[in-house]
Amino acid sequence: MQPDQSTVTVAMQVTPLQPTFELRRILVYTLIAVSFAASMWVNQTKAEAVTPADFQAFIDSDARQDDRVRDIYRHPAATLAFFDVEPDMSVVEIWPGGGWYADILGPYLSDHGRYVAAHFDPDSDVEYFRNSRARFAAKVTRQPKRFGSTTLAVFDPGSEQAIAPDGSADRVLSFRNVHNWYMRGGGDERVLAAFKTFYRALKPGGVLGIVEHRLAADRPLVDQQSSGYLHQDYVIRMAEQAGFILQASSEINANPADSTRYPEGVWTLPPSYRLGEQDRARYQAIGESDRMTLKFIKPVRS
């Protein structure tokens, strides 16, 4: 069957639309504008990223003169940048001890953020815990300008006590603490309880930053009980059981010279030198321990 003449005529008149010169010019300019905007956004994002330089003025403070000797081992600027700590955040540090990181974080957060020191229980049965907490509290009280936004909380792994209101913290940071919860019979249960406390305190999308002494991979699990070192995959597994997702790991605080095999565990090395003058030069040459640096995220639930 042949189509009628009208159908043929219509078919012959339909041709692909050809863009005019003006239309082509508009399309080109639009593409240039979009590309430029995207480039500006990427550059702005990179410019606003946290860098080690953001922390350097606080690290170089005269108030840290005695602590600076440890900077070459602990890399505070690079570590805090890796954890994406920003000056307007609410940051909880777990068991800050004498305040090595508090002397950086407290002043850094004092104007626009909040620093929470989740310290030992002031009513603990352990005298060392009570005294350490009291010294830290006195330090903060003596320097109100440096620690203006600082508040003290209590962290006791396994207890129901909160370190911050649920879902309120942007960052929870722990430096060389996880082994303390594992040792002396704490095991998986106490470590998991600690991570669950951190999970509750963090906002969805918040970051848990962990720095911990790293046990050599070829050493048996039993060596975690008294050495002060933990396997990296163990720490990751415990955090994941609490609900965290490993976002990134870093070798910022790695030390390949550390064999992790010493008579008094990690405390053989500086700054503890538990063996006193015995082989001190050898241990000083090794430096502080090999450390994992892990960044976990609390997922945003849909």
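Would you pick out the residues in the stretch 251-264 that are of a type in the set (Ser, Thr, Tyr) and either at pLDDT below 95 or open to solvent by 10 Å² or more (accessible area, probe 1.4 Å) (or both)? Show your work before the answer.
At the first step, the residues of the stretch 251-264 found to be of a type in the set (Ser, Thr, Tyr) are 259-260, 262.
Scanning the stretch 251-264 gives SER259, TYR262.
Which number in (1) within 30 Å of ARG291 (Cβ to Cβ); (2) at pLDDT below 50 marks the one condition that THR79 misses?
Evaluating THR79 over (1) within 30 Å of ARG291 (Cβ to Cβ); (2) at pLDDT below 50 leaves (2) as the failure.
Could you please find all residues in the stretch 265-279 being surrounded by 13 or more Cβ atoms within 10 Å (Cβ to Cβ) and more than 25 Å from ASP188 (Cβ to Cβ)?
Residues of the stretch 265-279 surrounded by 13 or more Cβ atoms within 10 Å (Cβ to Cβ): 265-270, 272-275, 279.
THR268, LEU269, PRO270, SER272, TYR273, ARG274, LEU275, ASP279, listed by residue number.
Looking only at helices (runs of 4 or more DSSP H) that fall completely inside the stretch 49-107, which ones have 2 or more residues that are more than 25 Å from PRO122 (Cβ to Cβ), in contact (Cβ under 8 Å) with a residue 12 or more places away in the chain and in contact with a strand residue (DSSP E or B) (Cβ under 9 Å, 6 or more places away or on another chain)?
On the way: elements: 53-59, 71-74, 76-82.
The helices (runs of 4 or more DSSP H) meeting that bar are 71-74, 76-82.
For the stretch 280-298, what are the residues that are surrounded by 14 or more Cβ atoms within 10 Å (Cβ to Cβ) and either modelled with pLDDT under 95 or not aromatic (Phe, Trp, Tyr) (or both)?
So the first thing to find is which residues in the stretch 280-298 are surrounded by 14 or more Cβ atoms within 10 Å (Cβ to Cβ), and the list is 283, 286-298.
Matches in the stretch 280-298: ILE286, GLY287, GLU288, SER289, ASP290, ARG291, MET292, THR293, LEU294, LYS295, ILE297, LYS298.
The values are calculated or read from the model by the stated rules, or taken from the named source; none is laboratory data. Given the structure is predicted, the values throughout are model-derived calculations rather than measurements. Note that we place each Cβ from the backbone using ideal geometry, even for glycine, and neighbour counts take in every protein chain shown. Note: areas computed on protein heavy atoms with side chains; ligands, DNA, RNA excluded. Shrake-Rupley method; radii C 1.70, N 1.55, O 1.52, S 1.80 Å.
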